[in-house]
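> One structure follows; several queries about it will come next.
Bear in mind that the values in this text are calculations on the coordinates, not laboratory data. Because the structure is a prediction, the values reported are computed rather than measured. Glycine also receives a Cβ, built like all others from the backbone with ideal geometry; neighbour counts cover every protein chain displayed.
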Amino acid sequence: MLDPFPVNSVGLVAPQSLVIDTEISLESGKKLQSYEIAYETYGQLNADKSNAILVCHALSGHQHAAGYHTREDKKAGWWETCIGPDKPIDTNHFFVVCPNNIGGCHGSSGPSSINPKNNRLYGPDFPVVTVKDWVKSQAQISDALGIDQWLAVVGGSLGGMQALQWAIDYPDRLKYSVALAAAPKLSAQNIAFNEVARQAIMSDPDFFDGHYAEHDKTPRQGLMLARMLGHITYLSDDMMRDKFGRELREGKLNFGFDVDFQVESYLRYQGRSFVDKFDANTYLLMTKALDYFDPAADYNDSLISTFQQARAKFFIASFSSDWRFPPERSREIANALLYAGKEVTYAEFEVAEGHDAFLLPIEKYINTFHAYMKRIASESELI
């Protein structure tokens, strides 16, 4: 039992829910007449609502970004490293909102929620969503919360892509865009990884064309394999070597096809635990949203033109060992912003932790991120 909570934690937090009755038209041409958004908030909104930060989650993320739901929780939210008193996203100064995107599986409308048209689970009938759709829905959330302009929109990986899309689609509704370990679009290799993950899920005999819940089944093996594949790409070779090397689980080779190496055991554990907390149809949707992200496609494939109408200031960060979204992709973003005449701060960190580095308490990264967010607070006269 955590009593008291760590001094720099936001402590106990409660999930909240918001029903948006305003129709939303999706990029696919389909519409949602209404939808529900699960979200959490940290810190206090000031009187003129000028200190609000939107935190966008990555592929397998959700609204529980910081703090604890109960005193019995063994783990805090997924970005506890960066959200809380005296942390980079300092709740002494900022009011933080983190929603679970539509299509998610942690309380927002998605495949595992009820379709109001027929009172049955959406399942595979939930429409494909894109980063633009998420940003549009987040704008409706900010309307409902009475927040006319975000001080900053912040995210890592797929969350960073949302931060960039915000600056493009709603230039007057944010002052700063913070994109960590992101990319302007996916490479063919990244799309290939996502397709293998989807095929692993869809070829599972318990998938039932996405209607597995109606059969009281879960495509466990397929989802487990998808997560194992994804997890490999989030870590660097150096990180895996340092953490596991070729260490044997039982100290000897078994000359069979069960687990011999510790890394095999680790990946199987990650896959099995993921199955119990994530929906397979949502995983399909999230990977498609990643694949489809390409904001420059609307601007004759010119990333410079894409950023011309942006008015935010930008912080772009990358990590040397991130081979999923390598530093050259972040430099591509930063250079396009510079050529578009935007104010951009770029930081590249020499680390061994791979793509997941933006989630971890790496001192040089945390200190730099903290300094930039403190600059935002100072320029906004919050400190």
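> Need one number: nm distance between label points at D238 and A47, each 7 Å from Cα along Cα→Cβ, rounded to one decimal.
Taking the two extended label points, one gets 5.0 nm.
> Could you point to the residue in P85, G110, F5 farthest towards the positive end of segment 1-112's charge dipole, with +1 and -1 charges on the Cβ of Lys/Arg and Asp/Glu respectively?
G110
> Kindly state, to the nearest 0.05, the FRET efficiency for N118 paired with S273, given R0 = 25 Å and r defined as their beta-carbon distance.
For N118 and S273, the calculated efficiency is 0.15.
> Rounded, prolate or oblate: pick one for segment 175-215, where a ≥ b ≥ c are the square roots of the eigenvalues of its C-alpha gyration tensor, a/c under 1.5 means rounded, and failing that, prolate if a/b is larger than b/c, else oblate.
Taking the square roots of the gyration eigenvalues as a ≥ b ≥ c, segment 175-215 is oblate.
> Is it possible to state the helix-based mean residue ellipticity at 222 nm for the chain, with each DSSP H run of 4+ residues giving -39500 (n - 2.57), the sum divided by total residues, to the nearest 500 deg cm²/dmol? What is it?
Values: 10 runs with 125 residues, N = 383.
Taken over the chain, the calculation gives -10000 deg cm²/dmol.
> When the dipole is taken about the Cα centre of segment 71-181, and only Lys, Arg (+1) and Asp, Glu (-1) are charged at their Cβ, what size is it in debye, to the nearest 20?
260 debye
> Hey, what do the phi angles of segment 347-359 turn into as Karplus ³J(HN,Hα) couplings, whole Hz, using 6.51/-1.76/1.60 and θ = phi - 60°, x for Gly and Pro?
10, 10, 10, 7, 9, 9, 7, x, 4, 6, 4, 5, 8
> Sorted by packing (mean other beta-carbon atoms within 10 Å per residue), highest first, where do 71-84, 49-62 land? Mind dumping the intermediate values first?
Details: 71-84: 19.0, 49-62: 23.6.
So the order, starting with the most tightly packed, is 49-62, 71-84.
> A further question follows. Please give, to one decimal in nm, the separation of the simple spin-label points placed at Q189 and K30, each 7 Å out from Cα toward the Cβ.
Placing both labels 7 Å along Cα→Cβ, they lie 3.3 nm apart.
> Please find the FRET efficiency linking L18 to E350, where r is the Cβ-Cβ separation and R0 is fixed at 45 Å, and quote it to the nearest 0.05.
For R0 = 45 Å, the calculated efficiency reads 0.65.
> Dipole magnitude of the chain about its Cα centre, charges +1 at Lys/Arg Cβ and -1 at Asp/Glu Cβ only, in debye to the nearest 20?
Roughly 40 debye, rounded to the nearest 20.
> Let me ask something else about it. For the pair S203 and D143, what calculated FRET efficiency results from E = 1/(1 + (r/R0)^6), where r is the Cβ-Cβ distance and R0 = 30 Å, to the nearest 0.05?
On the way: r = 42 Å, r/R0 = 1.39.
My answer for the efficiency is 0.10.
> With both partners inside the chain, how many of the DSSP beta bridges are antiparallel, as a percent to the nearest 5?
35 percent
> Which cross-chain or sequence-distant (5 or more) residues have an amide H under 5 Å from the amide H of L235, H modelled 1.01 Å from N in plane?
H355
> Relative to 2.2 N^0.38 Å, what does the C-alpha radius of gyration of segment 75-171 come to as a ratio? Two decimals please. Could you put the intermediate results ahead of the total?
Values: Rg = 15.3 Å, N = 97, 2.2 N^0.38 = 12.5 Å.
Output field value: 1.22.
> Tell me, in nm to one decimal, what length is gained between D125 and D216 on full extension, where the rule is 0.36 nm per residue of separation less the Cα-Cα distance? Spell out each step's value before the answer.
Values: separation 91, 0.36 × 91 = 32.76 nm, distance 1.73 nm.
Gain in length upon complete extension: 31.0 nm.
> Only one of the values [x] 31, 26, 22; [y] 43, 24, 20; [z] 36, 23, 18 was calculated from this structure for semi-axes √(5λ) of the Cα gyration tensor in Å; name its label.
Of the labelled values, this structure produces [x].
> Any idea how far apart N335 and K374 come out in nm if each label point goes 7 Å out from Cα toward Cβ?
3.2 nm
> Be a star and scan segment 147-161 for residues whose amide nitrogen sits under 12 Å from the point 7 Å along the Cα-to-Cβ vector of L382.
150-154
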